[in-house]
Each structure stands twice: as structure tokens, then as C-alpha cells.
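Values quoted throughout were computed directly from the atomic coordinates according to the rules given, and no laboratory measurement underlies them. Worth saying up front: this structure is predicted, and the values here are computed from it rather than measured. Methodologically, a virtual Cβ is constructed for each residue, glycine included, from the backbone with ideal geometry; neighbour enumeration extends over all protein chains shown.
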Amino acid sequence: MPAKKIYFIVLTLLLFSTETSAQDPHFSQFFVSPLALNPAFAGKFDGSYRFSGNFKKQWPLINNAFTSAAAALDFPILTNRIPEMDTWGVGLMAINDKSGNGILNNSFYSLSTAYTKSLDENGFHQVTVGFQGSFATKKINMSDADLEDELTAFGFTGLTRESFNGSPFSINYADLHAGFMYALSTNGQNSFFLGTSVYHLNRPAESFNEGSYLLNPRTTIHGGGYIPSGISNKIHFSFMHQIQGASSETLLGGAFSSGFFSDSERNTEIHAGLWIRVGDALIPYVGAEFNQLRIGFSHDINTSGLTRASYARGGSELSVIYTGGRKDPLKKKLNCPKF
């Protein structure tokens with residue numbers, strides 16, 4: 001098989017692996033990367049600013065197949081100029097995704113805005129519309145790639161006959177996304193939400209070599225909520241289903257949280273739960289919340305056909321989310337998704 005064909009197959013596996021279930025980087029703890037899930041999450045929280053971060057190393061035994069990291073900051077604006085139960089949010093996000101032991105490096109930089117409109121004076125019913133613009137840059141490091149004609153009896157010790165001079169091994173493009181969400185509370189103590197988002201509305205061109213591949217839109221439906229269970233405990237649940245091209249994935253699960261303090265000065269909670277990536281992995285989750293800081297850890301346990309290669313080690317993920325500047329406790333609390 002010609003080396004060019006090997007090169008094409010490697011890139012195809014990196015970009016369109018069905019095991020990742022999508023062409024975009026994704027996180028098992030999707031609820032801690034809200035702007036990567038739906039632009040409508042921008043500014044939808046109780047506080048003056050929110051920082052979130054995720055780091056995931058997927059399939060570490062398969063030569064660092066995928067390593068992804070994300071960081072985001074969002075905050076409400078014009079809080080004194082819009083109705084009390086409405087929110088106008090702005091968010092910034094950066095994502096870096098490395099595939100094939102760093103051969104393919106993807107970076108995304110995004111700006112989001114969203115407006116939440118309360119449909120009643122208590123904020124029990126809210127609708128949110130959000131938009132997000134992104135700049136993407138993708139690079140391939142061919143110096144770290146091994147091609148078929150380099151393989152000898154002693155390993156990949158030969159020299160390739162292929163010449164990549166002049167080939168565009170980096171690309172840049174602008175992207176556009178949008179989302180919608182509806183949130184409901186029946187008594188102010190519980191919360192439920194349902195949302196949808198579409199990424200890559202403009203279908204940007206994405207091709208490193210000859211061809212005119214257009215990036216498929218990624219459509220996501222997601223939802224969840226929480227209900228009290230006792231004085232200081234809650235049951236959380238959430239799901240996400242997304243489709244991109246011929247790939248799709250479904251995650252669903254929940255967590256139980258137990259609080260130790262719940263006054264206006266301090267709050268401590270322990271979280272434990274399980275999510276399932278249908279047909280692919282079990283994802284145990286543990287977390288702890290100290291006042292405005294929440295830290296979570298999850299581990300993908302492969303249940304698919306990749307188990308033999310990964311030894312059931314799908315990947316570990318660490319998340320952190322911090323909400324600063326809590327609102328005045330005398331003011332009404334917004335109906336905000338948490339998981």
C-alpha cells in the first residue's frame with residue numbers, strides 16, 4: 001500500500017474515529033464544560049463570574065490517542081439594566097485537543113453570548129437563546145509520523161520517499177454555533193432543563209490536502225435536573241445525545257450529593273454518581289464542593305470492542321468549576337442547571 005494511502009488512513013482514523021462518536025473533542029463530564037455543550041449556558045448561574053476547566057486523557061495505553069483540555073470563563077453583564085430574573089451572559093472558551101500522540105493538534109477559541117428571559121416573576125420558567133463564534137486552528141506534525149516505507153526489520157528506521165514540502169499541514173477557519181434552552185422549577189427547590197444546540201452552522205472547509213471536505217454540523221439534545229432528597233441531599237441527573245455526520249453518542253446518568261453545611265457563608269457537598277456512554281463505557285464519578293469551588297474526577301471503563309486494546313482503561317478526566325461573587329442572598333435565586 002502506498003505511503004500516501006497510509007498517511008490518509010491515519011488522518012482519517014484521527015479525525016473520524018467512530019469510537020470517539022464525533023469529530024469534535026468531547027468530555028465525559030460534559031456538565032462541567034457548559035460552553036462546549038451549548039452557547040445558551042453563557043452567564044446562566046448565580047454569581048458574578050464562573051470559571052470551568054476539564055482535562056481528559058483518553059485511551060492512554062494506545063499511544064496517547066487523545067488528550068483534551070478546555071478552559072472557560074463566563075459572566076453576566078448589564079445586571080442593573082435588565083429585569084431582575086433575566087440574565088445576559090458573555091463567555092470565553094479555549095479548547096486544545098491532541099490526537100495520535102500529538103501528531104494532530106487542534107485548538108479552538110470561542111466567544112459566546114446568551115440571553116435568558118424569565119417567563120414569570122419568580123423565574124420558575126425561563127428560556128435562553130445563545131450564540132457562539134469560534135476561531136479554529138489545526139496542525140499536523142509530520143516529523144513525528146511514521147509511514148509504511150519507513151518500516152524495516154529493525155522498526156521504523158528507514159527514510160520515507162514521500163515529500164510533503166508545500167503541503168498545507170495547518171489550517172484555520174471561523175465557525176458559528178447556536179443554542180436554545182428551557183428551564184423549569186416547580187417550587188424553587190428543584191430544577192429541570194432541556195436544551196438543544198447546533199455547532200458548525202456555516203460548515204467550514206476542513207482539508208489538509210487536496211479535497212474540499214466540509215465539517216458536518218454537530219447537533220446536540222441535552223437535559224437534566226435535580227430534586228431534593230432530605231434536608232441537605234440532592235439527586236442530580238442529566239443526559240446528552242449528539243449527532244455529527246454518521247457518528248453519534250449518548251450519555252446518561254446521575255449523581256447523589258450530600259451536604260454538610262448549607263448556610264449563606266459556607267457550603268460543603270460530596271458527590272458520587274455514574275454515567276453511561278451507551279455501547280461504549282461506564283463512567284464512575286466522584287466530586288467535592290467547597291463553597292464556590294467544585295472538583296470532580298471520572299474514569300471511563302471501556303465496555304466496547306476496544307476493551308482488549310485498552311484493558312478497559314478508556315481514560316481519566318479531571319474537572320474544576322468555580323463560581324465567584326455570589327449574588328445577594330436576599331435576591332431571588334436563578335433557576336440554574338448544575339449537572
Task: Protection proxy ranking of 108-114, 90-96 - average other beta-carbon atoms within 10 Å, highest first - done: 108-114, 90-96
- [ ] Quick one: order E121, E317, E289 by neighbouring beta-carbon count within 10 Å, fewest to most.
- [x] E121, E289, E317
- [ ] Which order do the peptides 33-41, 224-232, 130-138 take when ranked by the mean count of other beta-carbon atoms within 10 Å per residue, highest first?
- [x] 33-41, 130-138, 224-232
Task: Burial ordering of F193, F180, F169, fewest other beta-carbon atoms within 10 Å first - done: F169, F180, F193
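To make sure I understand, if each residue's beta carbon is the centre and we count other beta carbons within 10 Å, what order do V32, V129 fall in, fewest to most?
V129, V32
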Open item on the list: If I model a spin label at N80 and E121 as a point 7 Å from the Cα along the Cα→Cβ vector, what separation in nanometres do I get?
Closed with: 2.4
- [ ] Using label points projected 7 Å from each Cα along Cα→Cβ, tell me how many nm separate A205 and V286, to one decimal.
- [x] 5.1
Task: Over 28 Å between alpha carbons, listed pairs K56/K338; K117/K138; K98/K234; K44/K98; K44/K234 - done: K117/K138; K98/K234; K44/K98
